[in-house]
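Presented below is the structure to which this report refers.
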Amino acid sequence: MPLQSEPPNVKIVIVGAGSVGVTTAYALLLSNLASEIVLLDIDTTRAEGEVIDLSHAAHFAHAKVRVARGYEDCAGATIVIITAGVNQKPGQTRLDLVKTNYRLFESVVPQVARHAPDTILLVATNPVDVLTQAAQDLSGFPTERVIGSGTAMDTTRFRHELGRHYRVNPRNVHAVIIGEHGDSQIPVWSLASIAGMRLRDYCRQAGVEYDEAAMDAVAQRTRGAAYEIIKRKGKTNYGVASVLVGIVEPIVKNNDAIVTVSRVGIYEGVGPVALSMPCKLNNSGAHMDVPLMLDDVEREGLRKSAESILEALNSARNPES
Ligand SMILES: NC(=O)c1ccc[n+]([C@@H]2O[C@H](COP(=O)([O-])OP(=O)(O)OC[C@H]3O[C@@H](n4cnc5c(N)ncnc54)[C@H](O)[C@@H]3O)[C@@H](O)[C@H]2O)c1
């Protein structure tokens, strides 16, 4: 593998050196977006093993990879990615994880915030929307500096599935999933397009049928992808790691790319609650200035999604419930 050029002077801390954390560290290393990658985990022995292994990959890049001595090593981080937490078991929904991971965030986030008051928090732990809001509450950071990976993953899967159905490169499919990174997510059919044409127009021009049942199956495969992967291999890691790098890149490069990420706001009159909408990403965080024109069904779906996330958040905040 050829040696890369010098990366920018960027430190990224990853809290949680498990499957998602380490795959993200590896993807970041190869992306050349950071000069220093620091892994922080309660299991320091595991983190040390991962760092030794990663440092051999770092031989081909320029980033330094090391284990954190403690939360003080978050100081000066441009981004702190949080992937610590328990994972879904086959058959569990993301919302089933809420209480355990909420308690974990109560111990992790204040320590990160104390040592890195100017950082951007990027949350991947599930249920990601509930925990993005928890991270904002617990850090006291402005909303734009607390970002959840949200439906960036589902949007990628949706474009992949549409690309496969229409035999078009997913890069030329523009379509988003909004709302919860979970069962109440909403595919925005009204704006989905290929080569600038809405799907029905594309089908008419291309002389192919717009197949409603096939589109339902696309949405179902998108929503169910993680369940299918977990049923077979017990976890998901490569997709989410690439998506996290795709969120880190516009922040580090300050390039205003639009990515569908989770952020606290008021949605369809419900909130404050964190859910995903397309946001502009740059070095000050995620900005909600991409006004989507949704139809009535999509707006109603968004309202329901916001309510279901709020319900989960309230049950997590109240340990007695
Ligand atoms: N957002 C997404 O798209 C997405 C995709 C896949 C997984 N996830 C979520 O990411 C999380 C991690 O998944 P995984 O497969 O990497 O799990 P994992 O079990 O492999 O890793 C979790 C790591 O967290 C560490 N940890 C636990 N408590 C900690 C604490 N207090 N401080 C620091 N580290 C701590 C553990 O030691 C472990 O190394 C899960 O919640 C999972 O559901 C999110």
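Laid out as a table, the results:
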| item | result |
| --- | --- |
| Calculated FRET value between GLU268 and ALA75, using beta carbons and R₀ = 45 Å, to 0.05 | 0.70 |
| Extension gain from HIS56 to GLN92, taking 0.36 nm per residue of separation minus the Cα-Cα distance | 9.4 nm |
| Rel. contact order, % - alpha carbon contacts under 8 angstrom, at least six apart, region 205-321 | 17 |
| Above-threshold pairs, the threshold being 18 Å between Cα atoms, out of LYS235/LYS280; LYS89/LYS233; LYS89/LYS231 | LYS235/LYS280 |
| Distance (nanometres) between label positions extended 7 Å along Cα→Cβ at LYS64 and LYS235 | 2.7 |
| Relative contact order (%) - the chain, alpha-carbon pairs under 8 angstrom, separation at least six | 18 |
| Whole-Å semi-axes of the ellipsoid equivalent to region 46-147 (Cα gyration tensor, √5λ, descending) | 25, 19, 12 |
| Packing-based ranking, highest mean first, of 179-190, 262-273, 89-100, 149-160 given that Cβ atoms within 10 Å are counted | 149-160, 179-190, 262-273, 89-100 |
| Per residue convex hull volume, Cα atoms of region 207-321, in Å³ | 194 |
| Fraction of accessible area attributable to carbon and sulfur, the chain (%, probe 1.4 Å) | 51 |
| Sorted peptide list for 252-258, 20-26, criterion being average Cβ within 10 angstrom, highest first | 20-26, 252-258 |
| Partner lysines for LYS64 [C-alpha distance under 25 Å; skip if fewer than 8 residues away on the same chain] | LYS11, LYS253 |
| CD proxy at 222 nm, helix term only [per DSSP H run n ≥ 4: -39500 (n - 2.57); per residue of the chain; nearest 500] | -14500 deg cm²/dmol |
| Normalised alpha carbon radius of gyration of region 89-183 [divisor 2.2 N^0.38 Å] | 1.29 |
| Full-extension gain in nm, ARG103 to ARG198, via 0.36 nm per residue minus C-alpha separation | 29.8 nm |
| The chain - Debye-derived log10 I(q)/I(0), Cα point model, q = 0.14, 0.15 Å⁻¹ | -1.08, -1.22 |
| Accessible surface, region 168-321, averaged per residue in Å² (probe 1.4 Å) | 49 |
| Rounded to the nearest 20 debye, dipole of region 152-216 from Cβ charges on Lys, Arg, Asp, Glu | 400 |
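The values are calculated or read from the model by the stated rules, or taken from the named source; none is laboratory data. Note that this is a predicted model, so its numbers are computed, not measured. Cβ atoms come from the backbone with ideal geometry, glycine included; neighbour counts cover every protein chain shown. Surface accessibility is based on the protein's heavy atoms, side chains included, excluding ligands, DNA and RNA. Shrake-Rupley method; radii C 1.70, N 1.55, O 1.52, S 1.80 Å.
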